[in-house]
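A.B. asks: Quick one: this structure, given as C-alpha cells, is what I'll be asking you about.
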Amino acid sequence: MKDKITEINFTNFETTIARNVVLVDFWADWCHPCKMQHKVLEELAEDNTSEFKIATLNVDDNKVISSKLGVRNIPTLILFKDGIEIRRIIGLQSKEIILSQIQSSLSAKTSV
C-alpha cells in the first residue's frame, strides 16, 4: 500500500500536487477519525485505476503548509488538479462519498 499512497511533507508538497489530480489527506497521529479515514483511503487506493493520486500530510509535522491552506479541522481531504485546489472535504467520509466527490470534480469543466 505504501506505493499507492504517497507521504508528503514540506520538501515534496508542491511537486506532488503540481501535476494531475491528487487527493491530499491532512491528518495527525493523535486523531482517531484520521486513522479511520486512512483505512478508507487505503481501500480507495487499492481500487484506484490511476485517475488520481492519493497523498497524506501530517499537520503536526507540516504546520506551515496546513496554515497556508487554512486547514483547521482534521481529517481534511483536499483535491488538487494541476496544483490548484478544486475541492475540500472536511471530516471522516466513506469511500463512496470520497469517490463521488472526486469523480464529480474530474468530470466538471474547469473555467478559465
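A.B. asks: Consider Asp47 carefully, then state whether it is under 23 Å from Ser105 (Cα atoms), among the acidic types (Asp, Glu) and touching a Ser or Thr at 6+ places or on another chain (Cβ under 7 Å).
C.D. replies: So Asp47 does not fit the description; no.
A.B. asks: So which residues in the range 68-110 are among the hydroxyl-bearing types (Ser, Thr, Tyr), in contact (Cβ under 8 Å) with a residue 40 or more places away in the chain and over 19 Å from Cys31 (Cα atoms)?
C.D. replies: Result: Ser105, single match.
A.B. asks: Anything in the range 44-56 that is more than 11 Å from Leu23 (Cβ to Cβ) and either at pLDDT 95 or above or not β-branched (Val, Ile, Thr) (or both)? List them, or say none.
C.D. replies: Listed by number, the residues that qualify are Glu46, Asp47, Ser50.
A.B. asks: While we're looking at this one, here's another question. Within the range 66-88, which residues are of a type outside the set (S, T, N, Q) and over 13 Å from the mean Cα position of the chain (by Cα)?
C.D. replies: Those that are of a type outside the set (S, T, N, Q) and over 13 Å from the mean Cα position of the chain (by Cα): Lys68, Gly70, Arg72, Asp82.
A.B. asks: So in the range 30-60, with the set limited to residues that are among the acidic types (Asp, Glu) and closer than 20 Å to Ser94 by Cα, which one is nearest to the chain's Cα centre (by Cα)?
C.D. replies: The first filter runs over the range 30-60 and keeps only residues among the acidic types (Asp, Glu), leaving 42-43, 46-47, 51, 60.
Retained after the next criterion (residues that are closer than 20 Å to Ser94 by Cα): 42-43, 46-47, 51.
Values: Glu42: 12, Glu43: 14, Glu46: 15, Asp47: 16, Glu51: 14 Å.
Only one residue tops the list, namely Glu42.
The values are calculated or read from the model by the stated rules, or taken from the named source; none is laboratory data. Just so it is clear, the structure is predicted and the values come from calculations on it, not from any experiment. Glycine gets a Cβ as well: all are built from the backbone with ideal geometry, and neighbour counts include every protein chain shown.
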